[in-house]
Amino acid sequence: MDRRSSFVPSGYRGRLAPSPTGYLHIGHARTFCTAWKRARAAGGALVMRMEDLDRERSRAEHAEAALEDLNWLGLHWDEGPDVGGPFGPYTQSERTDIYLAAWRRLHEGGFIYPCLCSRKDMAASLGAPHESAGRGQDAEDEPVYPGTCRTLDASACGASGEAGPRGLNWRLRVPDGEAVEFEDGNMGRQRFVAGIDFGDFLIWRRDGVPSYQLACVADDAAMRITEVVRGADLLKSTARQILLNRALDLQDPQWFHCALSVDGQGRRLAKRHDALSIRELRRRGRKSDEVLGSAV
Ligand code: GLU
């Protein structure tokens with residue numbers, strides 16, 4: 001099946017943003033298919049952005065496989081690492097200058113503070129903080145930070161940020177108690193309370209890598225994305241990103257979160273579900289329509 005259609009540019013700009021940390025599974029296939037359909041229905045453009053900031057877990061072979069598997073499903077994009085475009089590069093590891101500029105604006109505006117808590121004190125939040133679906137799974141979402149370093153005298157401990165973020169973790173100070181509300185195009189009105197549903201979240205990591213939240217808002221703005229289509233496990237991240245957009249004086253895109261696919265035990269599909277990877281289903285001779293429509 002070829003889902004390529006005649007491209008008529010409109011104001012709509014959507015994106016597909018896979019992380020190349022494993023093979024894509026049928027949950028990704030469905031969400032990306034929805035993103036593709038919405039962009040085409042709007043007569044807009046679709047951007048492919050490779051979110052490879054997690055240096056330890058990202059693999060070039062997974063990035064290549066993601067592009068190939070999605071093309072095999074009949075999904076095509078107008079801009080991306082393989083096809084180029086006016087807002088490139090489309091691979092996050094090549095966009096550090098853009099993230100540094102955003103970090104600087106946050107620093108100048110006094111929105112962020114250095115955090116000296118050890119790695120052990122906090123969960124890493126380099127990748128998108130997905131929430132697990134049901135059944136007593138440990139939450140994978142970034143835990144609420146207790147605020148230990150909020151009142152730290154940054155210049156007294158040589159962490160003024162004059163020389164950039166290097167060597168330190170940086171967090172955004174969230175407005176405790178404030179409800180962040182938004183209208184989701186698929187899931188309706190959403191409401192998350194800063195300081196309760198999420199805390200001061202990571203913006204930059206001491207190993208020199210921006211957090212998912214910062215990279216995502218900087219890229220969505222720079223690539224002029226008008227609607228973000230992604231899994232419902234990132235709803236809480238959307239509330240964080242709304243606060244980041246506000247701090248950076250950027251306009252929010254529209255939001256459209258897709259219901260998550262779960263396995264037979266009610267667990268959210270993850271890249272560990274190899275049997276449900278698009279790659280494996282292809283290997284077993286399944287057709288693209290079957291993969292998109294298949295029950296788990
Ligand atoms: N790269 C993220 C992931 O695969 C998706 C982030 C997004 O769509 O905002 O989990």
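No value in this document is a laboratory result; all are computed from the given coordinates. The model shown is predicted, which means the values in this text are computed figures rather than measured ones. We place every Cβ from the backbone using ideal geometry, glycine too, and count neighbours over all the protein chains shown.
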- [ ] Determine Rg/Rh for the chain; Rg is computed over alpha-carbon atoms and Rh is the Kirkwood hydrodynamic estimate from the same atoms.
- [x] 0.96
- [ ] Count the net charge of all other residues whose Cβ sits under 10 Å from the Cβ of Y113, scoring Lys and Arg as +1 and Asp and Glu as -1.
- [x] +2
Task: For the chain, Cys with no neighbouring Cys Cβ under 4.7 Å - done: C33, C117, C157, C216, C258
Open item on the list: Quick check for me: using +1 on Lys/Arg Cβ and -1 on Asp/Glu Cβ, what's the dipole size of region 192-256 about its Cα centre, in debye to the nearest 20?
Closed with: 100
Task: Length gained when the stretch R283-A179 is fully extended (0.36 nm per residue, less Cα-Cα span) - done: 32.7 nm
Open item on the list: On alpha carbon coordinates alone, what is the Rg over Rh value for region 45-91, Rh being the Kirkwood radius?
Closed with: 0.97
Open item on the list: For a Förster distance of 25 Å, can you work out the FRET efficiency between the beta-carbons of Q251 and N186, rounded to the nearest 0.05?
Closed with: 0.80
Task: Taking the C-alpha atoms of region 155-285, convex hull volume expressed per residue in Å³ - done: 176
Task: Stretch gain in nm, segment R150-D78, where the contour uses 0.36 nm per residue and the Cα spacing is subtracted - done: 21.6 nm
Open item on the list: Antiparallel versus total DSSP beta bridges in the chain: what percent is that, nearest 5?
Closed with: 55
TODO: Enter the angle in degrees (range 0 to 90, nearest 10) between the Cα long axis of helix 235-247 and the first principal axis of the Cα atoms of the chain, meaning the one along which they spread out most.
DONE: 50
Task: Three-way shape label, region 213-296, alpha-carbon gyration tensor, a/c 1.5 - done: prolate
Task: Residues with amide H under 5 Å from that of R171, placed H, sequence gap 5 or more - done: Y113, C115, I203
Task: Signed unit charges on C-beta, dipole axis of the chain, positive-most listed residue H76, S277, L244 - done: S277
- [ ] Using a Gaussian network model of the chain whose springs link C-alpha atoms within less than 10 Å, name the residue from A154, A41, A101 with the highest mean-square fluctuation.
- [x] A41
Task: Relative contact order (%) - criterion: Cα under 8 Å, at least six apart; region: the chain - done: 23
Task: Gain upon complete extension [D274, E56; 0.36 nm per residue less C-alpha separation] - done: 76.5 nm
- [ ] Give the peptides 83-94, 10-21 in descending order of average Cβ contacts within 10 Å, highest first.
- [x] 10-21, 83-94
TODO: For region 218-224, just list the computed ³J(HN,Hα) in residue order, Karplus coefficients 6.51, -1.76 and 1.60, θ = phi - 60°, integers in Hz, with x standing in for Gly and Pro.
DONE: 4, 6, 4, 6, 5, 8, 6
TODO: Measure off 7 Å from each Cα along the Cα-to-Cβ vector at R166 and A259, then give the distance between these two points in nanometres to one decimal.
DONE: 5.0
Open item on the list: How charged is the neighbourhood of G44? Take every other residue with its Cβ under 13 Å from the Cβ of G44, and add Lys/Arg as +1 and Asp/Glu as -1.
Closed with: +3
